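Q: Let me begin by handing over the structure; questions about it come next.
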Amino acid sequence: MKLSLTGIEKSFGGWKCAAGAAFSPGVHLITGRVGSGKSTLALLAARVIRPDKGIVQYEGIHSHTLSFQYPENHVTTSSLEEEAFSYGVEPDHALDLAGINAGKTLDPFRLSRGELKAFHITCLSLRPWDLLILDEPFSALDCRGKMAASGNISERKKEITLVCTHEQHFLPRTDFLWEMRSGLLTYLGPVPEAIPSWQSATGPVRRLRAQGILPVNLTWQDILEAACRMHD
Amino acid sequence: MIRIHNLVYRNLRIPDLTIHPGTTALIGRNGSGKTTLLRLLAGISRPKSGFITLNGIPLVPGKAGFVNEYPDKNALFSRVSDELAGPLRFRNYSCDEVRRRVLEGARNAGLDHHLDRTIDTLSGGEKVLIALLSAVISSPEILILDEFDSHLDYDTLKEADQLIASSGSGLVVRCTQNMDLAARCGGVIVLHQGTVLHAGPPEKVFPSLGSTCCYPFTWRQGR
């Protein structure tokens, strides 16, 4: 199973997003500054938009989806029940897992944004996607929602998962680290080896690095373990 | 100072709450009523019963700068320069003053290269930054921010914080799910199912959340 981006470029006005990369099974974390091109990359990788140049190739990928940054963009029906069915999942189970205590007939737009995000992310997690592309999956979620979402993502070891995020604390167990640098996708390497060269690192990781400490991975447990480590 | 008394609105039930000048973080689980309260504080919604006062006077619309949690819902105009000029034009500033403030504000915030762009070409994070600048550009008395920080990276968030600090707004209420950010605020309000569970300085509020994931990461990290 492989996602290949071969010499792709996409221009908007004077700005360009470019990437040459191959994504193998595992969790790929993609970070970068605001406006660096993460969402554009996600759209290209999901084949929602076409590159001006280059090829996006799926090998052995039989199912794929993209989660947009804003959950309201995914709403296509007028009730939570219909919405769950539209993802191909059972409504009661999805609502229960998302921790939403609301009637199935409720209009999705009556939920708070965090609840809607939790519902959307939960519905996605109940399907076995070969390729899952997540654009800011943690925004609007409370810490319990973030922990649940990152836990679900961490378990996707045999599939390909791309996570574009600014999340600072509740990241999934990450196999490979990437960075968007002024529109150019840059491979930093496997985790934890790539952590020292991570320019857009989270606050907790920056604090650890400043003390010469390297966490074994990026989950909140890994960061706390590293901070509290008393021996090598 | 904002005072809330006997407030009943949708799922919110707040008998008495005082929000002091400075920056206050509003935290709580998804669906706890944070956005509902922020919209009341911004004067966008009106309480069905009870009252909200700002410095002893009933809160009226137009006093607050507001950043919506939905970045796409913040913009009234299609061009960035018009979006930034909007709050100043609504306050009847002269054309020269509007132009001067927009250019100066955008330059100081490092956003002047976006001025000629249309809002729909901005990334999610860029939309939030423009919304924030638009909210502070007329130096509103109070600033109400609904979880804009979840769309920003670590470095951009620091720049946004500088923008807020230099806004001149004497009272800022910001909803966040970043507890490290909340811990740096002067006050913290914890909402739970529409009621205030805790309110006070971070040193007083967060110890009661020590067994939850809401406890600030930096406090756990320690070093």
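Q: Do we find a residue being touching a strand residue (DSSP E or B) at 6+ places or on another chain (Cβ under 8 Å) and either of a type in the set (A, V, I, L, M) or away from chain B (no Cβ under 14 Å) (or both) anywhere in the stretch A:32-40?
A: Checked against the condition, which is being touching a strand residue (DSSP E or B) at 6+ places or on another chain (Cβ under 8 Å) and either of a type in the set (A, V, I, L, M) or away from chain B (no Cβ under 14 Å) (or both), the stretch A:32-40 yields no hits at all.
Q: Inspect all residues belonging to the stretch B:62-69 and state whether any of them is within 14 Å of chain A (Cβ to nearest Cβ) and either of a type in the set (V, I, T) or in contact with a Pro (Cβ under 6 Å, 6 or more places away or on another chain) (or both).
A: yes
Q: When the residues of the stretch A:66-109 are narrowed to those that are touching a residue at least 40 places away in the same chain (Cβ under 8 Å) and among the aromatic types (F, W, Y), which ends up farthest from B:G124 (Cα to Cα)?
A: Only one residue tops the list, namely A:Y87.
Q: For the stretch A:193-210, name all the residues that are surrounded by fewer than 16 Cβ atoms within 10 Å (Cβ to Cβ), part of a helix (DSSP H, G or I) and more than 14 Å from chain B (Cβ to nearest Cβ).
A: Passing the criteria: A:P196, A:S197.
Q: What are the pairs, 6+ residues apart or on separate chains, where a residue within the stretch B:209-223 that is on the phi > 0 side of the Ramachandran plot has its Cβ under 9 Å from a residue that is surrounded by fewer than 18 Cβ atoms within 10 Å (Cβ to Cβ)?
A: B:G222/A:C228
Q: State whether the residues of the stretch B:188-211 include one that is within 13 Å of the chain's Cα centre (by Cα) and over 30 Å from A:E179 (Cβ atoms).
A: Within the stretch B:188-211, not a single residue is within 13 Å of the chain's Cα centre (by Cα) and over 30 Å from A:E179 (Cβ atoms).
Q: Among strands (runs of 3 or more DSSP E) lying entirely in the stretch B:1-64, which contain 2 or more residues that are within 29 Å of B:F90 (Cα to Cα) and of a type in the set (G, A, S)?
A: B:22-28
Q: With a cut-off of at least 2 residues that are touching a Leu at 6+ places or on another chain (Cβ under 8 Å) and surrounded by 16 or more Cβ atoms within 10 Å (Cβ to Cβ), name the helices (runs of 4 or more DSSP H) lying wholly within the stretch B:102-212.
A: B:124-136, B:154-165
Q: Could you grab the pairs with beta carbons closer than 6 Å, sequence gap of 6+ or different chains, first residue in the stretch A:113-138 and within 16 Å of A:V48 (Cβ to Cβ), second one part of a helix (DSSP H, G or I)?
A: As it stands, the answer is A:I133/A:A42; A:I133/A:A45; A:D135/A:S39; A:D135/A:A42, since those pairs meet every condition given.
Q: Then there is this: Can you tell me which residues in the stretch A:149-192 are closer than 21 Å to A:P215 by Cα, within 13 Å of chain B (Cβ to nearest Cβ) and surrounded by fewer than 22 Cβ atoms within 10 Å (Cβ to Cβ)?
A: Scanning the stretch A:149-192 gives a single hit, A:G151.
Q: Does A:S86 satisfy being more than 30 Å from A:A18 (Cα to Cα) and surrounded by fewer than 20 Cβ atoms within 10 Å (Cβ to Cβ)?
A: yes
Q: Moving on. Looking at the stretch B:130-143, is at least one residue among the polar types (S, T, N, Q), within 24 Å of A:L171 (Cα to Cα), touching an Asp or Glu at 6+ places or on another chain (Cβ under 8 Å) and more than 10 Å from chain A (Cβ to nearest Cβ)?
A: No: zero hits.
Q: Any residue at all in the stretch A:46-69 that's within 14 Å of another protein chain (Cβ to nearest Cβ), under 16 Å from the mean Cα position of the chain (by Cα), at negative phi and modelled with pLDDT under 95?
A: Scanning the stretch A:46-69, I find at least one residue that is within 14 Å of another protein chain (Cβ to nearest Cβ), under 16 Å from the mean Cα position of the chain (by Cα), at negative phi and modelled with pLDDT under 95, so the answer is yes.
Q: Let me ask something else. Can you run down the residue pairs with Cβ atoms below 6 Å, 6 or more apart or on separate chains, where the first is in the stretch A:23-34 and farther than 10 Å from A:P190 by Cα and aromatic (F, W, Y) and the partner is buried (at least 22 other Cβ atoms within 10 Å of the Cβ) and modelled with pLDDT of 95 or more?
A: From residues that are farther than 10 Å from A:P190 by Cα and aromatic (F, W, Y), the pairs are A:F23/A:L3; A:F23/A:I160.
Q: Of everything in the stretch A:87-121 that's among the basic types (K, R) and not in a loop (DSSP other than H, G, I, E, B), which residue is nearest to the other protein chains (Cβ to nearest Cβ)?
A: A:R113
Q: Give the stretch A:151-167 a look and list any residue that's under 13 Å from A:L29 (Cα atoms) and either more than 13 Å from the chain's Cα centre (by Cα) or in a strand (DSSP E or B) (or both), or say none.
A: Within the stretch A:151-167, A:I160, A:T161, A:L162, A:V163, A:C164 qualify.
Q: Let me ask you something else. For A:T219, work out the one condition from (1) surrounded by fewer than 20 Cβ atoms within 10 Å (Cβ to Cβ); (2) of a type in the set (S, T, N, Q); (3) closer than 14 Å to A:R173 by Cα it doesn't fulfil.
A: Condition (1) is where A:T219 drops out.
Q: Which of the residues that make up the stretch A:215-232 are away from chain B (no Cβ under 14 Å) and either at pLDDT below 95 or more than 28 Å from A:G20 (Cα to Cα) (or both)?
A: A:H231, A:D232
Q: Quick check on the stretch A:132-147: of everything there that is in contact with a helix residue (DSSP H, G or I) (Cβ under 8 Å, 6 or more places away or on another chain) and either more than 14 Å from chain B (Cβ to nearest Cβ) or not in a loop (DSSP other than H, G, I, E, B) (or both), which residue is farthest from A:G60 (Cα to Cα)?
A: If we take residues in the stretch A:132-147 being in contact with a helix residue (DSSP H, G or I) (Cβ under 8 Å, 6 or more places away or on another chain) and either more than 14 Å from chain B (Cβ to nearest Cβ) or not in a loop (DSSP other than H, G, I, E, B) (or both), then A:C143 is farthest from A:G60 (Cα to Cα).
Q: What number goes with the only condition from (1) more than 14 Å from chain A (Cβ to nearest Cβ); (2) touching a strand residue (DSSP E or B) at 6+ places or on another chain (Cβ under 8 Å) that B:M179 does not pass?
A: (1)
Q: Only one of (1) hydroxyl-bearing (S, T, Y); (2) facing chain A (nearest Cβ under 8 Å); (3) over 15 Å from the mean Cα position of the chain (by Cα) is not met by B:S150, so which one is it?
A: Result: B:S150 fails condition (3) only.
Q: Which of the residues spanning the stretch A:70-86 are under 20 Å from A:N152 (Cα atoms) and within 14 Å of chain B (Cβ to nearest Cβ)?
A: A:Y70, A:P71, A:H74
The values are calculated or read from the model by the stated rules, or taken from the named source; none is laboratory data. The structure presented is a predicted model; accordingly, all values stated were derived computationally and were not measured. Here Cβ is always computed from backbone atoms with ideal geometry, including for glycine, and neighbour counts include all displayed protein chains.
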